[in-house]
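Asks: Have a look at this one before I ask anything.
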Amino acid sequence: MATPEFDLLVIGGGAAGSSAVTNLQGRNLKIALVERDKLGGTCLNYGCDPTKTLLHTASQLYNARQAHKLGLQILNAGFDWSAVLAQVRKVLDQIRGGTPEEAERDYKDATLFKGQARFVSPHEVEVNGQRLQADRIIIAGGTKATIPPIEGLQEAGYITNVEAVSLPVLPKRLAIMGGGPIGIEFSQMFARFGVEVTVIEKTPELLETEDRDLAERLVSQLAREGVSFKAGAEVVAARKDASGKRLTLQNKGGRQSEVVADEILVAVGRTPALDELNLEKAGVERTGKGVRVDENLRTNAPHIWAAGDIASKYQFTHVASEQGKRAALNAFASEPEPFDDKVIPWGIYTFPSIAHVGQTEQELRETGQEYVAARHTFEEVARAITDAQTGGMVKLLASPSGRILGGHILADDAGNLLSPVVLAMKAGLTVKTLAETIQPYPTLAEAVMQAARQLQEKL
Ligand SMILES: Cc1cc2nc3c(=O)[nH]c(=O)nc-3n(C[C@H](O)[C@H](O)[C@H](O)COP(=O)(O)OP(=O)(O)OC[C@H]3O[C@@H](n4cnc5c(N)ncnc54)[C@H](O)[C@@H]3O)c2cc1C
């Protein structure tokens, strides 16, 4: 059989790979896309979209159960788990534009090859025994859950985010290994559906990349909702007996304790999906965290680029998607452009949520940068009072010259509230502009304006 030849071959049909393909539409190129699982990748199938749908549903349930505080009588607010999961599938199909099978059948942006891609030479990839040849290649294979080598864990059994978004039955007790964004989002979601959740985190701090003021407020809120936290405790062994799955924890001082659960959710980090790719056959260099790329997302092999989680220190869909686009455009550009990662916002989508852009106060302190900080809580913000959302805060950080260095918000819908700060940082606007921009009453955005005014007074 003749080897099909392509102008471009993309490995991975997630946010990065799909974006690479769609951004080359209309150029009359022969493009191949190889995907071993479902189109849409982690975000659509096992990440952002199912978790946000489940968090939204869980928050509706929680609010119904708290409704008496507003004088409402919602009696017996409950749920049917299989109906909840059916609704999640409906949402995913809507975002995808059909079921996974329909999406594959109707896929027209490129020639789709279903299966594991393996390099056999720098320009050749094998999929299900078929060789494909391409002038240019983009690696966008993403990451998968890291499974730590803990004695007894394999035998005891565990789940990752892949299973956690479609569990046929809710466990009564769930131990979550990992107190980062993924573990924390799952903790609230499961707890609000009545699961007894314990989050175990090796480091002393939960959500360690987030601003401490906000992270601590969020963790306190989750604790009030019934989530248990074991921070500074490493899981050193696991086993299963008649009472459940037993995790042995050990703190820095060597003291041991135990958590017993019906299920263990592992969310301790992500590992690049490089297994079975045979990267060495293409001569592409890797790092411990993925594929090594330059600022134009090109690997050391001049005809191969990499994009998304597999090549980025920022593992988010919006970054993967922009990188996919940039890698694709650069692959056919006479003058490639670097990927600009100077202003990258992100969120943790609990209720309240955390939105983050730029540096945190602890990062500024640790790197010895001069800064001014302003904190504005929602306690005196009218809209927060009307909506019973006074627990959050806005924190802004600026240089002594008024350049915005960071913005951090804890609020329901914090991601949307952060938008003006993200834009201000990207456009190089100062604290003065943010402070003088009038926001409508009554909105939570007034808190951003007030924090900027406080900063302005300190400069
Ligand atoms: C639980 C969870 C929640 C998340 N929530 C958010 C969120 O709210 N917001 C956000 O911005 N980000 C979120 N993320 C991160 C987000 O999912 C990723 O940043 C994003 O999916 C990265 O896109 P990607 O294209 O690089 O990789 P992926 O989406 O992982 O896609 C890679 C694809 O490549 C395929 N593949 C890999 N190797 C091969 C091979 N050799 N051959 C063929 N196919 C291959 C895989 O099957 C996969 O479909 C979340 C992640 C998780 C796990």
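Only the coordinates and a few stated rules stand behind these numbers; no lab work does. In this text the structure is predicted, and so the values were computed from the model without any measurement. For neighbour counting, all protein chains shown are included, and Cβ atoms are generated from backbone atoms with ideal geometry for every residue, glycine included.
Asks: Mind checking segment 92-144 for trypsin sites (Lys or Arg not before Pro) that DSSP puts in a loop (not H, G, I, E or B) and that have at most 12 other Cβ atoms within 10 Å?
Replies: Those that pass, being in a loop and sparsely packed, are K108.
Asks: While we're on this one: Tell me whether segment 165-249 comes out rounded, prolate or oblate; compute the Cα gyration tensor, take square roots of the eigenvalues as a ≥ b ≥ c, and use a/c under 1.5 as the rounded threshold.
Replies: It is oblate, given that a/c is not under 1.5 and a/b is not larger than b/c.
Asks: Taking only DSSP H segments of four or more residues, each worth -39500 (n - 2.57), what value at 222 nm results for the chain once the sum is divided by all its residues, to the nearest 500 deg cm²/dmol?
Replies: It comes out at -9500 deg cm²/dmol, rounded to the nearest 500.
Asks: While we're looking at this one, here's another question. If exposed GluC sites (Glu not before Pro) are those in a DSSP loop with at most 16 other Cβ within 10 Å, what is the longest stretch of the chain that has none?
Replies: 1-204
Asks: For each of K172, K230, K432, count neighbouring Cβ atoms within 10 Å of the residue's Cβ, then give the residues from fewest to most.
Replies: K172, K432, K230
Asks: Taking a threshold of 32 Å on the Cα-Cα distance, which of the pairs K38/K69; K38/K313; K52/K172; K52/K245; K38/K252 fall above it?
Replies: Table pairs above 32 Å Cα-Cα are K38/K69; K38/K252.
Asks: Counting only residues 5 or more places away or on other chains, whose amide H sits under 5 Å from the amide H of L112 once H atoms are built in the peptide plane?
Replies: Under 5 Å from the amide H of L112 lie the amide H atoms of L33, each far enough along the sequence or on another chain.
Asks: Can you spot the lysines whose alpha carbon is less than 20 Å from K432's alpha carbon? Ignore those fewer than 8 places along the same chain.
Replies: K395, K458
Asks: Return a whole-number percent for the relative contact order of segment 352-458, with Cα pairs under 8 Å and 6 or more residues apart as the contact set.
Replies: 32
Asks: If you filter segment 247-318 for trypsin sites (Lys or Arg not before Pro), then keep DSSP loop positions with at most 15 other Cβ within 10 Å, what is left?
Replies: Of the trypsin sites (Lys or Arg not before Pro), the ones in loops of segment 247-318 whose Cβ has at most 15 other Cβ atoms within 10 Å are K252, R255, R292, K313.
Asks: Please arrange C43, C48 by how many other C-beta atoms lie within 10 Å of their C-beta, fewest to most.
Replies: Listed from fewest to most nearby Cβ atoms, that is C48, C43.
Asks: If a/c stays under 1.5 just call it rounded; otherwise compare a/b with b/c (prolate if a/b is bigger, oblate if not). Do that for the chain, with a ≥ b ≥ c from the square roots of the Cα gyration tensor eigenvalues.
Replies: oblate
Asks: Among V284, V260, which comes first, then next, by fewest other beta-carbon atoms within 10 Å?
Replies: In order of increasing Cβ crowding within 10 Å: V260, V284.
Asks: Please figure out what share of the DSSP beta bridges in segment 153-268 is antiparallel and state it in percent, rounded to the nearest 5.
Replies: Roughly 50 percent of the beta bridges in segment 153-268 run antiparallel, per DSSP.
Asks: Would you list, by chain and number, the aspartates and glutamates whose Cα falls below 19 Å from the Cα of K108, excluding same-chain residues fewer than 8 positions away?
Replies: Filter leaves E5, D7, E35, D37, D93.
Asks: List every residue whose amide H lies under 5 Å from the amide H of S353, counting only residues 5 or more places away in sequence or on a different chain, with H placed 1.01 Å from N in the peptide plane.
Replies: A411, D412, D413, A414
Asks: Among the aspartates and glutamates, select those whose C-alpha is under 20 Å from the C-alpha of K426, and discard any that sit fewer than 8 residues away in the same chain.
Replies: Leaving aside aspartates and glutamates fewer than 8 places away in the same chain, those within reach of K426 are E295, E322, E337, D340, D341, E361, E363, E436.
Asks: Report, for the chain, the % of DSSP beta bridges that are antiparallel, rounded to 5.
Replies: 60
Asks: Between T437 and R403, what length comes free when the chain is fully extended (0.36 nm per residue of separation minus the Cα-Cα distance, one decimal in nm)?
Replies: 10.7 nm
Asks: Further question on the same structure: Could you work out how far the C-alpha centroid of segment 346-412 sits from that of segment 115-155, in angstrom?
Replies: So the separation of the two Cα centres works out to 40 Å.
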